[in-house]
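We did not get these values from a lab; they are worked out from the coordinates using the rules stated. The structure displayed is predicted, hence computed values, not measured ones. So basically every Cβ, Gly included, is an ideal-geometry build from the backbone, and we count neighbours across all protein chains shown.
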Amino acid sequence: MAYATYGDICERKDINGIDKERVETLLEDAAVIIDVYNKSASDTAKRFVSCNMVIRAIGSSDEGVPIGTTQATLSALGYSQSWTNSYGSGELYLSKMDKKVLGIGGKVGCTNPYTAFTEVEGDR
């Protein structure tokens with residue numbers, strides 16, 4: 001079950017020429033990733049993050065350079081064009097902001113192995 005629809009994506013980004021079935025499949029895949037991180041997030045957060053993930057995966061056809069590009073090189077008569085993507089090309093991923101919206105960003109956790117041992121010892 002996807003948390004966003006093809007229409008939600010169209011409201012945020014002009015995606016003419018992109019297959020509707022591909023977008024819907026990406027939305028379903030995004031829902032799986034979101035559920036792995038925080039299934040109990042609000043529906044609004046899940047829809048927002050789903051749209052972000054799919055729009056990044058589709059890329060930016062208007063500008064000719066995919067969203068998420070960290071470096072770009074263009075040349076003229078040498079016919080050279082290259083770019084470097086921070087998370088690969090066409091992949092679904094959660095950004096730091098997406099994780100914060102889902103309520104999982106910026107948390108640092110640790111466990112104390114002695115706590116479990118102490119509790120076991122205290123039960124004896």
query: Using 7 Å Cα-to-Cβ label points, what is the residue 28/residue 91 separation (nm, one decimal)?
result: 2.3
- request: Compute the signed sum of charges (Lys and Arg +1, Asp and Glu -1) over the other residues within less than 13 Å, Cβ to Cβ, of residue 3.
  value: -4
- prompt: Suppose R0 equals 22 Å; then what is the FRET efficiency for residue 43 and residue 104 from their Cβ-Cβ distance, rounded to the nearest 0.05?
  reply: 0.85
